[in-house]
1. Hey, rough spin-label estimate for LYS67 and GLN121, points 7 angstrom out along Cα→Cβ, what's it come to in nanometres?
2. Between ALA104 and TYR186, what is the FRET efficiency for a Förster distance of 22 Å, r being their Cβ-Cβ separation, to the nearest 0.05?
3. If you scale each eigenvalue of the Cα gyration tensor by 5 and take the root, what three semi-axes come out for region 57-205, rounded to whole angstrom and sorted largest first?
4. Using the per-residue mean of other Cβ atoms lying within 10 Å as a proxy for protection, in what order, highest first, do the peptides 142-148, 98-104 fall?
5. Using 28 Å as the Cα-Cα cut-off, could you pick out the over-long pairs in LYS67/LYS195; LYS51/LYS146; LYS146/LYS193?
6. Spelling out what I want: for every residue of region 112-123, take phi, set θ = phi - 60°, compute 6.51 cos²θ - 1.76 cosθ + 1.60 (Karplus), and round to whole Hz; glycine and proline get x.
7. With charges only on Cβ, +1 for K and R and -1 for D and E, what is the dipole size of region 57-205 about its Cα centre, in debye, rounded to 20?
8. First measure r as the distance between the Cβ atoms of LYS162 and TYR85, then evaluate 1/(1 + (r/R0)^6) with R0 = 41 Å and state the FRET efficiency to the nearest 0.05.
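Every number in this text was worked out from the coordinates using simple rules, so none of it is lab data. What you see is a predicted model, and the numbers here were worked out from it, not measured in a lab. Please note: Cβ atoms are built from the backbone with ideal geometry, for glycine as well, and neighbour counts cover all protein chains shown.
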Amino acid sequence: MLTSYSSKLVVLLLAVMLFASCRSKSNQRAIKEEDLDKVMQEEAANAPKTKSSLLTADDLMQLSECKDAACVQFFMKDKSDDFFYTKKGEYTSMNRGMITDTAANDYLMPFSTVYFASEPQSTWRIAHTLHKKELSDELMNEFVQKGFAVKDSFRYYATEAKCYRYTSPQHPGVLLYYSPTYRPWYLKGLYMKPKWLNYVFEIHFE
């Protein structure tokens, strides 16, 4: 038979064990699981965004509706996480990497650019130029998913190279110009003396 002191000791030990079980990691985990969705949403919102190396097909079609520099600058302001304004008429990708030229030399440069006509009396033009084949394939695949297919080809004066013209029944009146070239933009910025193959995407409207 327990003494009064022993009884009090047992009760105290039981109380401590009960308190510890309430504070156990498994119980804390159970409480956290009730708010798991909320926690995951908060973590996703606070996670650093991965910078994109190129515009999307939708972005390029929307941007190409601009008819002046002010419109382009307003549109690209929302892309400031991915592109920065380097000089008049030129935006470059925040993402940079090594590009190999025709002489097998490596250069550290932006993976893509967005150019628009800025010279006085120049013909209006907006071009998105990618510097890696993998990025070109990625963007072209987006256009293919939107129903774009080759309609014809011609020599494009702006790139001094063969250009492929794409159309899509899903986007009537929209023309995609795709031109692999060493002269994506005449004597401008990165392209003063290009020595690597570039992939130029432009949207025109019928």
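1. Distance between the two pseudo-spin positions: 2.2 nm.
2. 0.30
3. Numbers: eigenvalues 95, 72, 49 Å².
Ellipsoid semi-axes (Å, largest first): 22, 19, 16.
4. Values: 142-148: 16.3, 98-104: 11.3.
Packing proxy ranking, top to bottom: 142-148, 98-104.
5. In this structure, LYS67/LYS195; LYS146/LYS193 lie more than 28 Å apart at Cα.
6. Values, residue by residue: 7, 9, 10, 10, 9, 5, 9, 6, x, 6, 7, 5 Hz.
7. Working: 18 positive and 18 negative charges, 104 e Å.
Dipole about the Cα centre, nearest 20: 500 debye.
8. The formula returns an efficiency of 0.85 here.
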